[in-house]
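These notes concern the structure reproduced below.
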Amino acid sequence: MTLPSGKWRLGFDIGGTFTDFVLHEGTTGALTLHKRLTTPQDPSEAALAGLDEILAMQGIGPGDLSEIIHGTTLVTNAVIERTGARTGLIATEGFGDILEMGTEQRYDIYDLFLPFPEPLVPRDLRLEVPERIDASGRVLAGLDEAALERAGAELVGAGCEAVAIAFLHSYANPAHERRAAAILRSAFPDLAVSVSSDVVAGIGEYRRTATAAANAYVQPLMHRYLGRIETALAARGFAGALRLMHSAGGLIPLETARDFPVRLLESGPAGGALATGLFGRAAGLSDMISFDMGGTTAKAALIEDGQAAIAPEIEAARVRRFTRGSGLPIRTPVIEMIEIGAGGGSIAAIDEVGLLKVGPRSAGSDPGPACYGLGGTEPTVTDAALVLGYYDPGFFLGGRMALDAGAARRAVARVADPLGLSVEEAALGIHKVVVENMAAAARVHIVERGRDPRDFAMVGFGGAGPAHAVAVARALGI
């Protein structure tokens, strides 16, 4: 089948529970939608299988696509779950502990046992080499290349797949960092090297070093994943452009994504925020709240005058989920959004004082909520929604997936029985806890911006968004 050039475009997004697909036909603007459960052990499996399935629905092949746009939460998940590569850091002599020292600011001045996120690079893999550049970019001491080679050999010998280079004041003069990177790449061709002045050329040693370390940490993972995707698509006959959504809502080519994967930290949610602005303009509305509730988390973003705000950095892997300052600062442009709660796969439990709580643990896609019939037994937000009748068990994913209502009831009974509630009452309790938590977090975010939530309209999306958006909007007074 021969199609006009540029007629078909495909977008897909890998989430923690589902991988979503949309196929766009350029002549009529028709859309075809599809979903598959994410395969955590190798996300490319679900991505490629779903791609084949959605193309088969229209009787076309990968060779008919002019463009593929890809959003992903793989980078975020790797940082949160600490599943990235073994990573080393080479720093200026005397500054190897900058990841531990941070900014020496406390996000809660009254907590004597304040936890902070563990650095992505452990202390034994943070090495120092003699060199020094001052804040004006003047070289005070040259780079000791022999010491650098010894440091590189030590890190490779310790099993490091990636190394971040972060020298003092390299934002003013990157010469030493770039020379160090050239030496390491020549001596160790298989080593992924992240140069802090290339990743983020900005003042602020801790944030620049933390961002370079995060980039190095996920670089091998994303290089392998993108390589599998690229190879598989080429084998299927795809010859169009493959681009990835970055955290600020734009598109970057494959090569940039491989070198700077930290820019993909909020790749998936960024697309939803842009779509909210698009839908708002189509409806004649300029002020919107983007409400994205997936399988693992719920996020909100403000769209004002039809535009999403861009923040210069984001915090990842917070040790206190909703507390600013308790995470790793990643200096990269990102659509300003806030995590406001749990997702459809988040697990409900009874805490130590006998109260019902939801999250932060998630059943994800493996085993997933109990109602998926894949081995999950703990009660989740999705199970509660099914018990309440918000989902049709025979028409989930458009009828492609049947839900087990009995398994959902048995799971919810695990919290209902200890509380002396019926299964329906416990399910409603789970639903209300999630809704009120999300509304409270969103209200704080909006009020901190000096805005009134009642002045905004809401767009709800994501796998669990439409089942909760109306209740969240009511709680906010929208």
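State which residue pairs qualify: first residue within 17 Å of Pro261 (Cβ to Cβ) and inside segment 197-208, second residue at pLDDT 90 or above and of a type in the set (A, V, I, L, M, F, W, C) in any location, beta carbons under 7 Å apart, and separation of 6 or more residues or different chains.
Sorted first by the residue in segment 197-208, then by its partner, the pairs are Val199/Ala212; Val199/Phe260; Val199/Val262; Arg208/Ala166; Arg208/Val200.
Could you tell me whether segment 249-264 includes any residue that is within 28 Å of Val435 (Cα to Cα) and crowded, with 16+ Cβ neighbours inside 10 Å?
Yes, there is a match, as at least one residue in segment 249-264 is within 28 Å of Val435 (Cα to Cα) and crowded, with 16+ Cβ neighbours inside 10 Å.
A quick yes/no check of all residues on (1) touching a Cys at 6+ places or on another chain (Cβ under 8 Å); (2) among the hydrophobic types (A, V, I, L, M, F, W, C); (3) closer than 28 Å to Gly359 by Cβ; (4) in contact (Cβ under 8 Å) with a residue 40 or more places away in the chain:
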| position | (1), (2), (3), (4) |
| --- | --- |
| Leu242 | no, yes, no, yes |
| Arg263 | no, no, yes, yes |
| Gly268 | no, no, yes, yes |
| Asp292 | no, no, yes, yes |
| Asp305 | no, no, no, no |
| Ser326 | no, no, yes, yes |
| Gly341 | no, no, yes, yes |
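Among the residues in segment 76-89, are any among the hydroxyl-bearing types (Ser, Thr, Tyr), within 26 Å of Glu339 (Cα to Cα) and touching a residue at least 40 places away in the same chain (Cβ under 8 Å)?
yes
Filter segment 340-360 down to the residues that are of a type in the set (A, V, I, L, M), at pLDDT below 90 and either in contact with a strand residue (DSSP E or B) (Cβ under 7 Å, 6 or more places away or on another chain) or part of a strand (DSSP E or B) (or both) and list them by number.
Ile340, Ala342, Val358
Would you list the strands (runs of 3 or more DSSP E) that sit entirely within segment 264-339 and hold 1 or more residues that are aromatic (Phe, Trp, Tyr) and either within 19 Å of Arg208 (Cα to Cα) or touching a strand residue (DSSP E or B) at 6+ places or on another chain (Cβ under 6 Å) (or both)?
288-293
For Gly96, indicate whether it is surrounded by 13 or more Cβ atoms within 10 Å (Cβ to Cβ) and either in the same structural domain as Ala316 (by TED's automatic domain parsing) or more than 23 Å from Gly325 (Cα to Cα) (or both).
no
Restrict the check to segment 142-159 and report whether at least one residue is within 24 Å of Asn77 (Cβ to Cβ), acidic (Asp, Glu) and touching a residue at least 24 places away in the same chain (Cβ under 8 Å).
No: zero hits.
Let's see how each residue does on (1) at pLDDT 95 or above; (2) assigned by TED's automatic domain parsing to the domain that holds Leu48; (3) closer than 17 Å to Gly88 by Cα; (4) among the hydrophobic types (A, V, I, L, M, F, W, C):
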| position | (1), (2), (3), (4) |
| --- | --- |
| Gly152 | yes, no, yes, no |
| Ala182 | yes, no, yes, yes |
| Ala192 | yes, no, yes, yes |
| Ile203 | no, no, no, yes |
| Tyr206 | no, no, yes, no |
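Could you check segment 394-478 for helices (runs of 4 or more DSSP H) lying wholly inside it with 1 or more residues that are touching a residue at least 40 places away in the same chain (Cβ under 8 Å) and in contact with a Cys (Cβ under 9 Å, 6 or more places away or on another chain)?
405-419
Restricting attention to strands (runs of 3 or more DSSP E) lying wholly within segment 105-224, give those where 1 or more residues are buried (at least 21 other Cβ atoms within 10 Å of the Cβ).
So the answer is 126-129, 162-166, 192-195.
Any residue in segment 105-121 that is aliphatic (A, V, I, L, M) sitting within a Cβ distance under 6 Å of a residue that is in a loop (DSSP other than H, G, I, E, B)? List the pairs, counting only those 6 or more apart or interchain.
Pairs that qualify, where the first residue is aliphatic (A, V, I, L, M) and the partner is in a loop (DSSP other than H, G, I, E, B), are Leu114/Arg106; Leu114/Asp108.
Can you tell me which of Ala273, Ala257 is aliphatic (A, V, I, L, M), over 30 Å from Gly102 (Cα atoms) and under 15 Å from the mean Cα position of the chain (by Cα)?
Going through Ala273, Ala257 in turn, the sole match is Ala273.
Return the residue satisfying two criteria in turn: it lies in segment 374-386 and is closer than 18 Å to Val423 by Cβ and not in a helix (DSSP H, G or I), and of such residues it is farthest from the chain's Cα centre (by Cα).
Thr377
The values are calculated or read from the model by the stated rules, or taken from the named source; none is laboratory data. Because the structure is a prediction, the values reported are computed rather than measured. So basically every Cβ, Gly included, is an ideal-geometry build from the backbone, and we count neighbours across all protein chains shown.
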